[in-house]
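A short write-up of the structure that comes next.
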Amino acid sequence: MRILTLSPGASSLKAAVVVHGDTTVTQTWAHADIAAFAERVHAISATPDAVAVRFAHGGSRPRPVVLDESELANLERLTALAPTQQPVSVQAVRLMWSLLPGVPVIACFDTSFHNGLPEAAARYALPRTWTRQNRLRRYGFHGLSCRYALRRTARMLGRDSDSLRLVCCHLGSAVSVTAIRDGHSVDTSMGFTPVEGAVSSTRSGSVDPGLLLHVLSTGEIGVDEMSETLFLRSGLAGMTGTSGDVREVLAARAAGDSEADIAIGVYLHRLRREIGAAAMSLDRLDAVVFTGGVAEHQPALLSELLGGLAPLGLQISSSRVAELGDRLISVDGAAVAVLMITARIELELARAAEGTIAGMDYSS
């Protein structure tokens, strides 16, 4: 089966063609160039059997869905909860409908992997009159990345994925940490929106709500500007005055920029806190897995991060951290395996689309 996959990230749109489970071609565009992407669709692939589109937010949907106008309209209503990616996914679907009429377009959700979060992890300590309908809760994100990382880790360790207890760290433009037990998410750093949790390139991560209420009470900014600030003008970008790209911030730090040095310190500190918290949601720790573009392409930063995780008993081989490809980066015989796994979200999207077409339950 030939599946065209579209994956909007925090800063780019990645297209790939997966044929019988193997990626044959990938291309990446900036969000602003989605029109140029439309012009290249036919050059990327012969007419696919289906198109799989990644959606950051699917609400409570436990599995992928074949889209129609009504379902797409419902997903578009979630834009305020994932304003960086959701509009791009919606736009990509409409482009596919116009360019590939008759080809089923399937939405796959980053939130679905976290759909069964335990109540203690999913609920906010808010008045029950607010939370009774179970909509104001923690949804979690990066689920497609987590699901692939879990399956790949199981193969590399020769284990059944349902038997593993692991912490999965997705380090890209956006950052999240997820605790996985029995093949399911049991805790995760992102919540109602992708802003909660660790510091990202442009997102603030968790901030004391009292601080935000204080800023709003001054009347200097309104709700819309606050949202834009938290999603797009905070994180590494806000702390350094750069784009927030980790490479740019690291270069500034290397050049002696003290603000960049502090920003990286905050980034790593908050990330270590989330990793430690996730580990405490498990009854044991079999593996810690790193995935995403930053983890893959910034080995020195990964080493710096790992150097602060000694309380978890991680034993790291510095030479393995600097290698390429999917690999163990812990020493042989370590009690806790540490792995670096290249993010292959296109394979997870294709797998989900094929299962949906075949009528299989992908939620398990």
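The values are calculated or read from the model by the stated rules, or taken from the named source; none is laboratory data. If you're wondering where the values come from, they're calculated on a predicted model, not measured in any experiment. Every residue, glycine as well, gets a Cβ built from its backbone with ideal geometry; the counts of neighbours run over all protein chains shown. For the accessible areas, the whole protein counts, side chains as well, though only heavy atoms, and no ligand, DNA or RNA atoms are used. Shrake-Rupley method; radii C 1.70, N 1.55, O 1.52, S 1.80 Å.
The set of residues in region 131-150 that are buried (at least 17 other Cβ atoms within 10 Å of the Cβ) and in a helix (DSSP H, G or I) comprises Gly143, Leu144, Ser145, Cys146, Arg147, Tyr148, Ala149, Leu150. Entry remark, region 43-55: residues being open to solvent by less than 10 Å² (accessible area, probe 1.4 Å) and either modelled with pLDDT under 85 or within 17 Å of the chain's Cα centre (by Cα) (or both) number 3 in total.
Going by the conditions given, is Asp160 under 19 Å from the mean Cα position of the chain (by Cα), of a type in the set (Asp, Glu) and either over 19 Å from Val338 (Cα atoms) or modelled with pLDDT of 95 or more (or both)? Considered against the rule, which asks whether it is under 19 Å from the mean Cα position of the chain (by Cα), of a type in the set (Asp, Glu) and either over 19 Å from Val338 (Cα atoms) or modelled with pLDDT of 95 or more (or both), Asp160 comes out as no. All of Ser204, Ser185 fail the test of being without any contact (Cβ under 8 Å) to a residue 60 or more places away in the chain, outside any helix (DSSP H, G or I), within 20 Å of the chain's Cα centre (by Cα) and surrounded by 14 or more Cβ atoms within 10 Å (Cβ to Cβ), apart from Ser204. Somewhere in region 254-270, is a residue at pLDDT 95 or above, closer than 28 Å to Glu119 by Cα and not acidic (Asp, Glu)? Yes.
Annotation note: Cβ proximity below 8 Å between a residue of region 123-135 that is over 16 Å from Thr111 (Cβ atoms) and a residue that is open to solvent by 100 Å² or more (accessible area, probe 1.4 Å) and in a loop (DSSP other than H, G, I, E, B) (sequence gap 6+ or interchain) occurs for no pair.
Among the residues of region 56-69, just one is crowded, with 24+ Cβ neighbours inside 10 Å and touching an Asp or Glu at 6+ places or on another chain (Cβ under 7 Å), namely Ala56. Taken together, the criteria exclude Ala120 from residues that are without any contact (Cβ under 8 Å) to a residue 12 or more places away in the chain, surrounded by 13 or more Cβ atoms within 10 Å (Cβ to Cβ) and either closer than 13 Å to Glu348 by Cβ or within 23 Å of the chain's Cα centre (by Cα) (or both). For the residues Arg272, Arg233, Arg327, Arg320, the requirement of being free of Cβ contacts under 8 Å to residues at least 60 places away in the same chain, open to solvent by less than 40 Å² (accessible area, probe 1.4 Å) and charged (D, E, K, R) singles out Arg327.
Got at least one residue in region 70-89 being more than 29 Å from Ala278 (Cβ to Cβ), modelled with pLDDT of 95 or more, among the polar types (S, T, N, Q) and surrounded by fewer than 16 Cβ atoms within 10 Å (Cβ to Cβ)? Within region 70-89, one or more residues are more than 29 Å from Ala278 (Cβ to Cβ), modelled with pLDDT of 95 or more, among the polar types (S, T, N, Q) and surrounded by fewer than 16 Cβ atoms within 10 Å (Cβ to Cβ). Do you know which of the residues in region 208-234 that are in contact with a Ser or Thr (Cβ under 8 Å, 6 or more places away or on another chain) and in a loop (DSSP other than H, G, I, E, B) is nearest to Gly116 (Cα to Cα)? Only one residue tops the list, namely Ser234.
Restricting attention to region 236-246 and to residues that are in a helix (DSSP H, G or I) and of a type in the set (Val, Ile, Thr), the residue that is least open to solvent (accessible area, probe 1.4 Å) turns out to be Val246. Counted as qualifying within region 1-42 are no strands (runs of 3 or more DSSP E), as none has 1 or more residues that are under 9 Å from Ala350 (Cα atoms), of a type in the set (Phe, Trp, Tyr) and open to solvent by 30 Å² or more (accessible area, probe 1.4 Å). Close contacts from region 150-173, counting a first residue that is within 30 Å of Ile264 (Cα to Cα) and a second that is outside any helix (DSSP H, G or I) and open to solvent by 50 Å² or more (accessible area, probe 1.4 Å), with Cβ to Cβ under 6 Å and a gap of 6+ residues or different chains, come to Arg165/Arg181; Arg165/Arg284; Ser173/Ser11. Applying the criterion of being open to solvent by 10 Å² or more (accessible area, probe 1.4 Å) and hydrophobic (A, V, I, L, M, F, W, C) to the residues of region 280-297, the residue that is nearest to the chain's Cα centre (by Cα) is Val294.
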